[in-house]
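The numbers here are math on the coordinates, done by the rules we state, and not lab data. Here the structure is a predicted model, which means the values were calculated and not measured. Backbone-built Cβ (ideal geometry, glycine too); neighbour counts: all protein chains shown.
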Amino acid sequence: MTAHAHKKLYIKTWGCQMNSYDSYRMIDILTPLGYKISDNPEDADMIILNTCHIREKATDKVFSDLGRLRPLKERKEEAGGKMLIAVAGCVAQAEGDLILKRAPYVDLVFGPQTYHELPEMIINASKKRIVNTEFPIESKFDLLPNENTNQGVSAFVSIQEGCDRFCTFCVVPYTRGSEYSRNVNDIIEESKKLVDQGAIEITLLGQNVNAFHGDGLNGKAWGLGKLIQEVSKIEGLERIRYTTSHPRDMDDELIETHSLEKLMPFLHLPVQSGSDKILKAMNRKHTRDLYFETIKKLRKVRANLAFSSDFIIGFPGETDKDFEDTMDMVRQVEFASCYSFKFSARPGTPAANIQNIVHESIATERLMRLQKLINEQQRNFNTKSIGLTLPVLFDRKGKKSGQIVGRSPFNQSVYVNGNEQLINNLVNVKITEGFDNSLTGEIIVK
Ligand code: SAH
Ligand code: SF4
Ligand code: F3S
């Protein structure tokens, strides 16, 4: 190896979009140290698994992946090389030392709030294994490099982290820590850089993004609505999205901001359940009616606003009646898409101790019924797009040759036959077919 040879870095990312953002920022930190991203773990110099702790399944996957990486590391070391294996993200934060016990070949364990210390951690890892799951007083955002990895045509910017809501089922307040908002100036600067690098769409991220209350340009605290209005002034930026919101934190200014053209007419607003009793047991701090009310207000400002949500099925104590309330809510709102999960008891969260467990087979049956309804609604929503002309932001090639894929304003995946040169552009597409999870269409030739 010459002194200038770069080191191979492989990162695998699970979980929410904030983890994707964090992975980009880890690249920003490691690039000056000579690391270059690779899409293959084999003979990598450093492997980072950026993990998710939200449900038990997500966590299990990490350990099965580690098991597969072990022989790669052994092989490299037998040949006289070195491979650092790091576990980052929310499993790292939650499990800490336990990861080293279960997988002693792991070199580094660090949480979402300490990855800015990576250069130091890498040096120390040559002497001993590192576990770094502090919540430092300083914010990583003030210490991360000013350079941004090019995220392409659609980019993420974390604006808020952590959560103070403590829903009883959720690990996020423990893995990400308490709520923190970045200041508006930094967010604007970072967004401008991403737009200069080619971003046309920016998604503002936070675990509870509409709790945002960062220092504004006038020195006063700004809410998310004001921030979006400021971001929308960036020239060359055509599309803004934000995720994930809590229904209780949809204030009037944010609702009004949905009249902005650049703010896309699609909102992910997780409700979790349609039963007031279950919402209470979840500590969601909102009722079913507040959710309906909020949707109504939003639709008044933007008539074509499409919604998506998350649901947890089989929360302890959920009766048939509670479940029917959820089904009823879905019917009333008519979602464009939804995610639904069976309740997963997470160690350390209050809901893990609630008795009244819903039998697995009942939860499975309910989940299947809900997913059938959701699929119908998705298909309805998608077939309603047939005949419309929608601007599509193309960001990748499809699986079939000659096919390119992009997103509609409503976040639908749109597949067309088209020239690869259209990738990274906003192009008008006439929609010809609608399915459960996608649309097909034809490029409108000007
Ligand atoms: N911050 C977001 C949610 C983050 S987690 C919010 O407030 O809505 C993403 C989704 O995972 C949640 O909306 C919830 O539906 C699901 N989820 C979280 N904890 C879960 C658990 N213990 N079991 C099953 N699903 C869970
Ligand atoms: Fe978790 Fe979201 Fe509830 Fe916060 S608001 S505790 S992130 S589900
Ligand atoms: Fe998962 Fe952590 Fe995001 S638990 S959903 S990666 S905040």
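Worth a mention:
- Remark: region 296-379 carries a charge dipole of roughly 560 debye about the Cα centre, counting +1 on each Lys and Arg Cβ and -1 on each Asp and Glu Cβ.
- Whole-Å distance, taken between Cα centres, linking region 1-49 and region 306-384: 37 Å
- For the chain, the longest site-free run once GluC sites (Glu not before Pro) in DSSP loop states with at most 16 other Cβ atoms within 10 Å are removed: 335-446
- Prolate/oblate/rounded call for region 7-132, Cα gyration tensor, a/c under 1.5 rounded: rounded
- Rg/Rh, computed from the Cα trace of the chain with Rh as the Kirkwood radius, has the value 0.97.
- Here the extension length gained between GLU293 and LEU388 equals 31.3 nm, from 0.36 nm per residue of separation less the Cα-Cα distance.
- Each residue of region 302-311 was assigned a 3J(HN,Hα) from its phi angle through the Karplus expression (A = 6.51, B = -1.76, C = 1.60, θ = phi - 60°), giving 9, 4, 8, 4, 9, 10, 10, 8, 10, 10 Hz with x at Gly and Pro.
- Dipole magnitude for region 140-383: about 420 debye, using +1 per Lys or Arg Cβ and -1 per Asp or Glu Cβ, origin at the Cα centre.
- The sum of -39500 (n - 2.57) across all DSSP H runs of n ≥ 4, divided by the residue count of the chain, sets its helix-only mean residue ellipticity at 222 nm to -10000 deg cm²/dmol.
- Span from the region 387-408 Cα centroid across to the region 98-119 one, whole angstrom: 39 Å
- Taken about its Cα centre, the chain carries a charge dipole of about 780 debye when Lys and Arg each add +1 at the Cβ and Asp and Glu each add -1 at the Cβ.
- The stretch between LYS193 and LYS399, if pulled fully straight at 0.36 nm per residue, gains 71.1 nm over its current Cα-Cα span.
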